[in-house]
Amino acid sequence: MNSRSSAQEHLLERANNVMGATLGAFKLPDDQAIVVSHAKGSKIYDVDGREYIDYLLGSGPMLIGHAHPVVVEAVRRQVERGSTYYTLNEPVIELAERIVEAVPCAEEVRFVSTGTEATFHAMRIARAYTGKPKILKFEGGFHGVNDYAMMSAHANRQTAYPTPIPDSAGIPREVEADVLISRWNDVELTRSIVEEHANSLAAIICEPLQRSLIPAPGFLAALREISRQNGVLLIFDEVVTGFRLAYGGAQEHYGVVPDIATFGKAVSGGYPLAAIAASHDIMAVTVPAKRGDLPIAHMGGTLNGNPVSAVAGLATLEVLRGEGVYDRLYGTTEQIKGGLRELLSERGIAADVSGDGPLFQVFFTDSTVTDWPGVLASDRAKSRRFGLLCVERGLFLNPGEKFYVSLAHDVADVERTLDVFEDALDALN
Ligand SMILES: Cc1ncc(COP(=O)(O)O)c(C=O)c1O
């Protein structure tokens, strides 16, 4: 169904000529591709003025909705004062203080521009701190696109644990040797890999909510215990979960405190900024005066601590601290998930609607998905088809992947969304 104007077709053709028609991994099929004109609240609009209810939320950052007036005003005031300084500024100091107040593992914060950089530096800091080279990550866990992260994140086959499957061409073979893979929610396998490699293992990194897969009861606590017992650091990649599952992130929500945490997306309200948080002791490896003769874990970046991103982050956190905000985020999401489950069961369609907090995902399967082999066993082509049918009917999302819900989604959005789901499920069958 292609109702695009010739003007939009022309923009897509120009994008195809000079950008491969994509900004990265997210790409709708050619007949559904759009060029965005603007976004406001829970809605996003293409250049023809077609409105979509947005469940992509810029891949997660727009947790309080697009162009929130508080954020817009803060940014407007800051840009008049200059866009970037490459040095300390008041907004970024205040943002670091807000993160330290909110996040249990945080005594200090370092700023970078993307989640990819944040996980890269968290792993580097862990190596410098422990003096050991290896990182253990989980099959199906995504930590951005740095070489260490792009291992068994979305392979089409099950990993032969602990040997990683690289997710990209161009990654040096040597990197593979320093990454170990375990199975999400499998305590015993993880314990045995960690114990076997304890002498060379610097850190375990995980998304505490892996994509939409909830940690089994006790799993994160077991990771905490296994890492402590083996002299290994625990890194929570909270780029998605930070300030989303709770104001204090997944570590508050699930009650397990890691050694290092990474933040991105919601923490800067849609502007480029990400953060690494840890104790004074761990962060000392980045400080020359505290390292003596040892080399520091080097950090740097032209836009680190950018004041425009920092004020957008501060304004976003201010909104998130409001009364009842998380109840609303959870409540809206539960209404959508509950409605979807009903529609699925009325039609006798076997599916697992997974997720926690204001995000969810639909797997077509007759089991509960708890790990990557479970994802592989589900009908992923059907999930993607369902997503594409939703896009065709006016929802904006990454077909087959997570739906992100914002504070701006309201009752009318929920009703319209469930109508779309109903229609899409009927078209699917
Ligand atoms: C859990 C997680 N970590 C890291 C990243 C990478 O962040 P960025 O895209 O800002 O590099 C992402 C991006 O989706 C993510 O979901």
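The values are calculated or read from the model by the stated rules, or taken from the named source; none is laboratory data. Small disclaimer: the values here were computed from a predicted structure and weren't measured. Here the Cβ is made from the backbone with ideal geometry for all residues, glycine too, and neighbour counts use every protein chain on show.
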Checklist entry - Among Leu28, Leu57, which is within 16 Å of the ligand (Cβ to nearest atom), of a type outside the set (Ser, Thr, Tyr) and in contact (Cβ under 8 Å) with a residue 24 or more places away in the chain? => result Leu57
Next on the checklist: Six or more apart or on different chains, Cβ atoms under 7 Å: show the pairs whose first residue is in region 325-336 and closer than 15 Å to Gly355 by Cβ and whose second is β-branched (Val, Ile, Thr) and assigned to a helix (DSSP H, G or I).
Outcome noted: Thr332/Val414; Gln335/Val414; Ile336/Val414; Ile336/Thr417
Item to check | Extreme residue, surrounded by the fewest Cβ atoms within 10 Å (Cβ to Cβ), among residues of region 136-159 that are of a type in the set (D, E, K, R) and within 14 Å of the ligand (Cβ to nearest atom) | outcome: Asp147
Checklist outcome for this item: Residue hits (region 121-141; over 20 Å from Ser268 (Cβ atoms), part of a helix (DSSP H, G or I) and not charged (D, E, K, R)) are Met123, Ile125, Ala126, Ala128, Tyr129, Thr130
Next on the checklist: If I filter region 236-246 down to residues being buried (at least 24 other Cβ atoms within 10 Å of the Cβ) and aliphatic (A, V, I, L, M), which single residue comes out as farthest from the ligand (Cβ to nearest atom)?
Outcome noted: Leu245
Checklist outcome for this item: Scanning region 173-192 for residues that are of a type in the set (Gly, Ala, Ser) and either closer than 15 Å to Met123 by Cβ or part of a loop (DSSP other than H, G, I, E, B) (or both) gives Ala177
Next on the checklist: With the requirement that a residue be free of Cβ contacts under 8 Å to residues at least 60 places away in the same chain, among the polar types (S, T, N, Q) and farther than 16 Å from Lys134 by Cα, what does region 200-241 give you?
Outcome noted: Gln229
Checklist outcome for this item: The residue from Val100, Val92, Val109 that alone is farther than 30 Å from Pro373 by Cα and in contact with a Gly (Cβ under 8 Å, 6 or more places away or on another chain) is Val92
Next on the checklist: Looking at the structure I just gave you, is Ala427 farther than 16 Å from Ser42 by Cα, free of Cβ contacts under 8 Å to residues at least 40 places away in the same chain and surrounded by 20 or more Cβ atoms within 10 Å (Cβ to Cβ)?
Outcome noted: no
Checklist outcome for this item: Subset of region 142-199, residues hydroxyl-bearing (Ser, Thr, Tyr) and free of Cβ contacts under 8 Å to residues at least 60 places away in the same chain, comes to Tyr148, Tyr161, Thr163, Ser168, Ser182, Thr190, Ser192
Checklist entry - For region 60-108, how many residues are free of Cβ contacts under 8 Å to residues at least 40 places away in the same chain and under 20 Å from Ser42 (Cβ atoms)? => result 3
Checklist entry - Could we say that Ala315 is of a type in the set (Gly, Ala, Ser), within 18 Å of Val112 (Cβ to Cβ) and touching a residue at least 60 places away in the same chain (Cβ under 8 Å) here? => result no
Checklist entry - Here are some residues: Asp293, Asp327. Which one is of a type in the set (D, E, K, R) and at pLDDT below 95? => result Asp293
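Yes/no per residue for (1) surrounded by fewer than 18 Cβ atoms within 10 Å (Cβ to Cβ); (2) of a type in the set (Gly, Ala, Ser):
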residue: Thr302; (1), (2): yes, no
residue: Pro307; (1), (2): no, no
residue: Thr316; (1), (2): no, no
residue: Leu320; (1), (2): no, no
residue: Arg328; (1), (2): yes, no
residue: Gly331; (1), (2): yes, yes
residue: Leu340; (1), (2): no, no
Next on the checklist: So if I check each of Ala246, Ala250, Ala153, which one is in contact with a His (Cβ under 7 Å, 6 or more places away or on another chain), under 29 Å from Leu329 (Cα atoms) and hydrophobic (A, V, I, L, M, F, W, C)?
Outcome noted: Ala246
Next on the checklist: Among the residues of region 176-235, what is the count of those that are in contact with an Asp or Glu (Cβ under 8 Å, 6 or more places away or on another chain) and either modelled with pLDDT under 95 or surrounded by fewer than 17 Cβ atoms within 10 Å (Cβ to Cβ) (or both)?
Outcome noted: 1
Checklist entry - Just a yes or no: is a residue in region 367-379 in contact with a His (Cβ under 9 Å, 6 or more places away or on another chain), acidic (Asp, Glu) and either part of a loop (DSSP other than H, G, I, E, B) or over 19 Å from Leu56 (Cα atoms) (or both)? => result no
